[in-house]
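Peer 1: Handing you a structure now.
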Amino acid sequence: MSLPTRNNPYTFNEFLEWRNNVDYYADDPFIQKVVKHYCGDEWQKVDEEARAVSKKASFKWRNLADTIACPEKRPYMTHYDGHHNRIDRIVRPMETQILEKEIFSEAFFSNQTSPWVKLIKMFIIYQNGEACVSCPMTCTEGMVEMIKKYPDTPETRHILQHCQEGIDGEFAIGAQYLSEIQGGSDVPANVLEAVQEGDNWKLYGTKFFCSATHADYAMVTAKPVGSEEVGLFVIPSWLPGNKEKEIRNGYTIDRIKWKMGTSELTTGELTFNGAVAYQVGPLNRGVANVAGVVLSYSRLTVGISAGAFMSRAVREAKKYVEFRDAFGVKTGQFPLVMSQLQKAEKLAKQTTAGTFKLYRDFLSLEGGLKGGLVADENIETRKKRFEIRELIMLQKITASWDSTDVIRTAMSLFGGHGVMEDFSSLPRLYRDSAVNELWEGPRNVLLIQMHRDFQRASSWYAPADFIADMLQGADQEALSSLTKEFIDLISYPNLLQMSDETIAVCEQWDQFCHKLYHCYQSLALAEVENQI
Ligand SMILES: Cc1cc2nc3c(=O)[nH]c(=O)nc-3n(C[C@H](O)[C@H](O)[C@H](O)COP(=O)(O)OP(=O)(O)OC[C@H]3O[C@@H](n4cnc5c(N)ncnc54)[C@H](O)[C@@H]3O)c2cc1C
């Protein structure tokens, strides 16, 4: 019963008080358990570092991320200075610059930072969404790992040093420019031209999706003139001494896109007119290296950020339903609400556990990621490398998809407030999550790639063995049924030939891959919960 009053006393303060004081790591017993389970002997060090970074990420960095999400703080471009010099300056608010500086000073890619420490820091920081740091972090990681394999020139070694250890306290930021106007999925169809002029390569042509346009360096795919093969290059955004003068390295930023998510980060359309570029790896291995190394790192990161986004969304929704009343009871008392929340929580936990399990396997991979198959490798390592490659793609499609669903569910548990940008950060995370589904390989492209990979590998890696290796510990009945369906699906010759039958097989393949990765994640979660 409620009687009329002209002084409605309702307030959200109790919920806000809780939310403002949540420490992403210290107040999350589940992630602490995950760390303890998966980080091996190092877990105490990882736990310690996580507690330290969480004190920054959960409060100051969270507030900065929220502030820069406001429309009036969006980045914009100044193409010319007052003297008609083309500068293509990306203007970003001071809050973004502070956030970036503090976060990159964590030295994620330094030789002194252990991979587990890097991973947990990323997981905690990603709970704040893109915030103009998530994409640059992953791009920098891909660049570092790629150049580490081919540190062939003084220039590339300098770039590596700048990104890994910093120079005069400044840690460089990397970007990746692959997609062109005619298509992003089909990298072999790139037409950006690379020309050897004197000792240097120079780039000519256009790229159509260039995120982290403010970066210091970018990995760029381009075809050497007259060749059909795509090579990989790294370009400095400014040649030495030119950053202060705002003279870009032979390219213009024609415009920045107006996009749905990751809005604190610019995505530009670029024209190259003689940008100086340094070759990274053999010129005929660009696609293999990009897919095998650079994009694999980014895809791993999508998994981490999906777990992070979902953890935050579920945590906040869970508290809200304990706070909010409807029809005289807490909304969490409604079984419908509880069923949605429980499902979302399970997805969040299994995604997080799966990410750490996959990362553990990834770290144990001899020689790390490589571009394409390595001919003289022993069969066990070859299988392991293949398994990790496929798991990364399975995780990318599954985690990014579930993340958007879970955030939408969480938003719906906030009712109308769920879509209010100034009520919570969930609408922003939802938009960022939708972008995660698309970049670094959209779902269909990865589904088709995996189908092709499994077919090709089946002569040396029996499909049944793949499933058994991937799902060690699963119950026998589930294994048999998945193996049977898997064999049936990959025996279908070609997912590209249009027919009603192929469309039906494609639908089944899509669902199967999702289900298969959920099994892997469920095993990971059981490991954590039972501390197996
Ligand atoms: C916000 C944002 C930022 C981005 N930033 C960058 C960046 O910094 N650098 C960069 O290089 N790229 C970037 N991208 C581009 C992104 O990687 C591409 O959008 C993506 O690779 C898909 O390319 P496309 O958009 O041209 O789609 P298309 O290639 O035209 O694909 C359209 C549809 O067709 C499907 N499709 C394509 N090929 C196949 C196939 N063989 N089988 C089945 N289905 C298929 C796709 O899955 C998709 O559903 C960004 C994208 C977004 C949204």
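Peer 1: Using θ = phi - 60° and the Karplus relation 6.51 cos²θ - 1.76 cosθ + 1.60, list the HN-Hα couplings for the range 267-281 in order, rounded to whole Hz, with x at every Gly or Pro.
Peer 2: Taking θ as phi minus 60°, the curve returns 10, x, 10, 10, 10, 9, 9, x, 5, 6, 10, 10, 5, 10, x Hz for the range 267-281.
Peer 1: Now for a separate question. Pairs K45/K370; K55/K101; K148/K370; K118/K357: which exceed 21 Å Cα-Cα?
Peer 2: Distance filter (> 21 Å) returns K45/K370.
Peer 1: Which whole-percent values make up P(r) of the chain when all C-alpha to C-alpha distances are grouped in 10 Å steps starting at zero?
Peer 2: Going from the shortest bin to the longest, the percentages are 4, 18, 28, 26, 16, 6, 2, 0, 0.
Peer 1: Restricting things to alpha carbons, tell me how big the range 331-407 is in terms of Rg and Dmax, in Å.
Peer 2: So, for the range 331-407, Rg and Dmax equal 17.5, 60 Å respectively.
Peer 1: Using only the Cα atoms, work out Rg/Rh for the range 32-186, with Rh taken as the Kirkwood radius, to two decimals.
Peer 2: 1.01
Peer 1: Next up: Please turn the phi angles of the range 4-11 into ³J(HN,Hα) values with the Karplus equation 6.51 cos²θ - 1.76 cosθ + 1.60 (θ = phi - 60°), one per residue in order, whole Hz, x for glycine and proline.
Peer 2: x, 8, 8, 10, 4, x, 4, 9
Peer 1: Follow-up. Please list, ordered by chain and number, the residues whose modelled amide H lies under 5 Å from the amide H of I87; skip anything fewer than 5 residues away on the same chain.
Peer 2: For I87, the qualifying residues are Y80, D81.
Peer 1: At 222 nm, what value in deg cm²/dmol follows for the chain if DSSP H runs of at least 4 each add -39500 (n - 2.57) and the sum is divided by all its residues, to the nearest 500?
Peer 2: Result for the chain: -16500 deg cm²/dmol, rounded to the nearest 500.
Peer 1: For A275, enumerate residues with amide H under 5 Å from its amide H, sequence gap 5+ or separate chain, H modeled in the peptide plane.
Peer 2: Here the answer is L203, since their amide H atoms fall under 5 Å of that of A275.
Peer 1: Hey, if we sort V280, V225 by accessible area with the 1.4 Å probe, largest down, what's the order?
Peer 2: V225, V280
Peer 1: Related question: Any number yet on Rg/Rh for the range 68-134, C-alpha, Kirkwood?
Peer 2: 1.12
Peer 1: Ok, one more. So if the hydrodynamic radius of the range 174-219 is defined as the Kirkwood radius over C-alpha pairs, what does Stokes-Einstein give as its diffusion coefficient at 20 °C and 1.002 mPa s, in µm² per second?
Peer 2: 185 µm²/s
Peer 1: Tell me, what ³J(HN,Hα) does each residue in the range 172-182 have, in order and in whole Hz, if you take phi through Karplus 6.51 cos²θ - 1.76 cosθ + 1.60 with θ = phi - 60° and put x for Gly and Pro?
Peer 2: 6, 10, x, 9, 9, 10, 10, 5, 10, 4, 7
Peer 1: Something else now. Under 16 Å Cα-Cα from K245, which aspartates and glutamates qualify once same-chain neighbours fewer than 8 residues away are excluded?
Peer 2: Partners found: D81, D88, D216.
Peer 1: Which values, in whole Å and largest first, are the semi-axes of the equivalent ellipsoid of the range 317-365 obtained as the square root of 5 times each eigenvalue of the Cα gyration tensor?
Peer 2: 35, 9, 4
Peer 1: The range 2-77 to the range 316-341: how many Å between their Cα centroids?
Peer 2: If we compute the Cα centre of each part, the gap is 20 Å.
Peer 1: Ok, one more. Report, for the range 92-231, the % of DSSP beta bridges that are antiparallel, rounded to 5.
Peer 2: The answer is about 55 percent antiparallel.
Peer 1: Within the chain, which DSSP H helices have Cα atoms that stretch 24 Å or more along the helix axis and a mean Kyte-Doolittle hydropathy of at least 0.0?
Peer 2: 295-323
Peer 1: If you don't mind, there's one more thing I want to ask. Rounded if a/c is under 1.5, else prolate if a/b beats b/c, else oblate: with a ≥ b ≥ c from the C-alpha gyration tensor eigenvalues square-rooted, which is the range 397-440?
Peer 2: Since a/c reaches 1.5 but b/c is at least a/b, the shape of the range 397-440 is classed as oblate.
Peer 1: Let me ask something additional. If R315, R285 are ordered by their accessible area, calculated over protein heavy atoms with a 1.4 Å probe, which sequence runs from highest to lowest?
Peer 2: Sorted descending by solvent-accessible area, the residues read R285, R315.
Peer 1: Here is a further query. Calculate the translational D of the range 219-376 in whole µm² s⁻¹ from Stokes-Einstein, where the hydrodynamic radius comes from the Kirkwood formula applied to all Cα pairs, the temperature is 37 °C and the viscosity 0.692 mPa s.
Peer 2: This corresponds to a translational diffusion coefficient of 162 µm²/s.
Peer 1: What number comes out for the charge environment of E14, summing +1 per Lys or Arg and -1 per Asp or Glu over other residues with Cβ under 13 Å away?
Peer 2: It works out to a net charge of +1.
Peer 1: In Å, what is the Rg of the alpha-carbon atoms in the range 287-354, and how long is Dmax?
Peer 2: 17.3, 60
Peer 1: Would you grab the residues whose amide H sits under 5 Å from the one on T267? Only those 5+ places off in sequence or on another chain, please, with H modelled 1.01 Å from N.
Peer 2: Here K257 satisfy the definition.
Peer 1: With a/c under 1.5 counting as rounded, go ahead and sort the range 243-294 into rounded, prolate or oblate using the C-alpha gyration tensor (a ≥ b ≥ c being the square roots of the eigenvalues; past the cut-off, prolate if a/b is larger than b/c, else oblate).
Peer 2: oblate
The values are calculated or read from the model by the stated rules, or taken from the named source; none is laboratory data. Quick caveat: nothing in here was measured; it's all calculated off a predicted structure. In this analysis, Cβ positions are derived from the backbone assuming ideal geometry, glycine residues included, and neighbour counts consider all displayed protein chains. Just the protein is used for accessible areas: all its heavy atoms, side chains included, with ligands, DNA and RNA removed. Shrake-Rupley method; radii C 1.70, N 1.55, O 1.52, S 1.80 Å.
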